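The values are calculated or read from the model by the stated rules, or taken from the named source; none is laboratory data. These figures come from a predicted structure and were not determined experimentally. In this analysis, Cβ positions are derived from the backbone assuming ideal geometry, glycine residues included, and neighbour counts consider all displayed protein chains.
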Amino acid sequence: MEKKYHSVFDIIGPIMVGPSSSHTAGAVKIGLMARALFQKQPESVDIYLYESFAETYKGHGTDIALVGGLLNLSLADPNLKESLEIATKENLKVNFILEKGIKTLYPNTVKLVLKKADQIMSVVGVSVGGGKALITEINQVNLEISDDLITIVIFHHDKPGMIYQVSKILSEKNINIATMKVRRSFKGSNAMMIIEIDNSDLNDSIALLKAIPFIDEVILINLNQKEQSC
Amino acid sequence: MLNTINDLINLTKEHGDLLEAIFHYELKHNQLTKTEMLEKMTCQLEIMEDSIKKGQKTVLSNSKLTGGAGKQLSDYLKETTTLSGDLITTAMRNAIAVNEVNAAMGIICATPTAGSAGIVPGVLFALDEHFQMTLDQKLRFLFVAGIFGMITANQASISGAEGGCQAEIGSASAMASAAIVDYFSQDVNLAAEAFAMTLKNLLGLVCDPVAGLVEVPCIKRNALGASLAIAMADLALAGVKSVIPADEVIIAMAEIGKDLDIKYKETALGGLARSKTALEIEKQLNYQANRKE
């Protein structure tokens, strides 16, 4: 894995509701990113907890934090404490499954299976420490989405010319691509583009990307808006 | 390239000053301007000061296991001549205050983590009380602590679940010690010595939280970290050097973290978390939780 911590502010921060940066703040971020990827509030979520998450999630408020993120609450939101009650009120069913004794690549790993009507998405997130979180899997496809970068995720058909069409629009809109990765599970299956960009001002480029034929979804992940400032 | 403490020392030479080197790094890698950085850091500073103030009153955690030590130490400081001196006792009081607020799910600034969030602010505001620092000096303290922490996080870990308590309390204490020495000397080499000596002293510290809560022993370990950071800063300022260089201490911490049994990595399956009293506490808390449900 590349360097995980990019800035002094990854260390002096985030501003957050206690008690744990990895089990609380990092978990809120995973919830927020999963919700952003699902593009709506799910009706039910199965939450599989591994290693340290599975052993200490209650004491560290990991359950409250993951659900808080799924409800779109920020790291420093005082309502975070009541997230489980809010979920009940908003008809979000949450089911925790403790996968104790199963070894994962990172000690604080969680798999979320989000459902609404006939839509289903599985997202794996890891909390690496100090409030930093990554998404490492969507629908069984390995990838990496970092919480501190602005990322565009595109679900598209596995066809020639897709990258060209996407990069053409981004270049016309003067959006600088920092990194770009394309993922698919097998030849001809649905594919994914993960594009990290420098700009936060995207104007109409998301709508233009959505209009490209054979693109199913265009999702923007930008957690910076959910960070507290004074 | 800023992967090691050695890189940081070289970058400081190149720019003539440690803070200028940090500003240069942030501008280049994160497109943050000086004004943006100072503004954001001022915000973090305010949250820290706020949490120290709050924790000087009794703030009980949900479990009721902790809260009130911040107030006890405040009263003690007013009434008595302390054994470890007012600077260290104030730093310990501040550190405990922040972590009692954290345990009660209050708002804090993670430095580098929530469980170790008392050490850097605790030391900083104790120094401020005794030496009346300017705002610029306080912000510089946080940038210096932060850059040492960033290198540690990338080379080893700042997560108790990955590296044990040494990764959290160890990293935070070493960051604070480096920042103290920078405040008094503006010498990055001396700061690195303080960093190395502090981290060395905390190698092997395990993460064994009672009932899986960020309370026991976490809160008092923030007092340990704050006092050790000041003590090791004194050694460095006296000219004492670490035989093992800072970068090698960081690597040693990473290796120890890898070898540590999972029982000692924030799973509450070993150490203090399995003591007789801890098991009784766990049972009691489960009983209360079940009754509530």
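Odds and ends about this structure:
- Residue selected from the range A:173-205 under the condition of a type in the set (V, I, T) and modelled with pLDDT under 95, by the criterion surrounded by the fewest Cβ atoms within 10 Å (Cβ to Cβ): A:T179
- Looking across the range A:48-98, just one residue is more than 11 Å from chain B (Cβ to nearest Cβ), out of contact with any helix residue (DSSP H, G or I) (no Cβ under 8 Å at 6 or more places or on another chain) and touching a residue at least 60 places away in the same chain (Cβ under 8 Å), and that is A:Y48.
- Counting only helices (runs of 4 or more DSSP H) that sit wholly inside the range B:74-168, those with at least 2 residues that are under 19 Å from B:K220 (Cβ atoms) and either more than 8 Å from chain A (Cβ to nearest Cβ) or of a type in the set (S, T, N, Q) (or both) are B:86-103, B:119-131.
- All helices (runs of 4 or more DSSP H) inside the range B:1-67 with 1 or more residues being more than 9 Å from chain A (Cβ to nearest Cβ), without any contact (Cβ under 8 Å) to a residue 60 or more places away in the chain and under 16 Å from B:L139 (Cα atoms): B:18-30, B:34-54
- Single condition B:T113 does not satisfy, out of (1) surrounded by fewer than 24 Cβ atoms within 10 Å (Cβ to Cβ); (2) in contact with a Ser or Thr (Cβ under 6 Å, 6 or more places away or on another chain); (3) of a type in the set (S, T, N, Q): (1)
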